[in-house]
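First up is the structure itself, then whatever we jot down about it.
The values are calculated or read from the model by the stated rules, or taken from the named source; none is laboratory data. Source: prediction; values computed, not measured. The protein model used for the area step is the full one, side chains on, heavy atoms only, and it has no ligands, DNA or RNA in it. Shrake-Rupley method; radii C 1.70, N 1.55, O 1.52, S 1.80 Å.
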Amino acid sequence: MINPILIIFGPVGSGKGTQAELLVKNFGIVHISPGDMLRDEVKNNSPEAAVIKKCMEAGELVPFAITDELVRRRLELPDVEKGIIFDGYPRALEQAKTLVGMLQKKGKSVTKVISLKLDFQEILNRLSSRLICLNCRAIYSTKVNPPKVEGVCDKCGSPLTKRADDQEENSIKERMKVYTEETSQVLDYFEKLGIVEEFDASGTIDEIHDKIYLSLSMDFA
Ligand code: AMP
């Protein structure tokens, strides 16, 4: 199998992070999620922490000078040679072009864009039940994928928390608005390159993963 460079795409709550984790496990590729990297910057009180926190809590995109630089630095690490899945990046046309340029400099290109489709009511249901581990970044759902012990991460034993930006309906609406207005342009951009495949994201975690896994296995066998 070649080492694919994948982008997983879909509205907030569509299961991007969960599916990305499974693909990382099953294909041995690395996970690049600016959302996780930005939460780390806030946790570690980096110089940009205040700006990042303000944008994230409002559901707005963090300035590209910050996010693109985090991705650029991540791409310098040697493990990216195993293949990559980008999760939450690119989120705007400008970022898509930046990413394609960064990859080109390394003689690489995006292999496939996985586009998850989910309706708004199901998105709200999922976000209201989402829990994350700030230590190891595992994701749970109190409804469909609860931790074995309530409020405790199965993987590392740390306390689980709700994301601050999942609690506010205004923040959810803002993220949906941003997704519709800006991120859909990214999809159009990659559609023109003929590398987008859509998946219905309304099934169970395993059902969706099986469909994606099968498709990628056929592509990269
Ligand atoms: P996520 O964990 O991917 O849902 O991202 C959480 C938040 O981090 C988003 O609502 C944005 O505020 C910020 N963020 C994540 N990815 C990006 C990106 N590619 N560009 C700008 N801001 C981002």
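Backbone geometry of the stretch 192-197 corresponds, through the Karplus equation with coefficients 6.51, -1.76 and 1.60 at θ = phi - 60°, to 3J(HN,Hα) couplings of 5, 7, x, 10, 9, 10 Hz, x marking Gly and Pro. Over the chain, DSSP H runs of length four or greater, each weighted -39,500 (n - 2.57), average out per residue to a 222 nm ellipticity of -14000 deg cm²/dmol. Summarising the amide proton neighbourhood of Gly83: residues at separation of 5 or more, or on other chains, whose placed amide H is nearer than 5 Å comprise Val30. The share of accessible area on the chain that comes from carbon and sulfur is 52 percent, using a 1.4 angstrom probe. For the chain, DSSP calls about 30 percent of its internal beta bridges antiparallel. When all protein chains stay in place and ligands, DNA and RNA are ignored, the 1.4 Å accessible-area order of Asp188, Asp79, largest first, is Asp188, Asp79. The mean accessible area for residues of the stretch 96-221, using a 1.4 Å probe and ignoring ligands and nucleic acids, is 57 Å² per residue.
Taken one residue at a time, the phi angles of the stretch 122-133 give Karplus couplings (6.51, -1.76, 1.60, θ = phi - 60°) of 5, 4, 4, 4, 5, 5, 5, 10, 7, 10, 10, 9 Hz. Gly and Pro are set to x. Comparing Cα centroids, the stretch 1-31 and the stretch 152-221 end up 9 angstrom apart.
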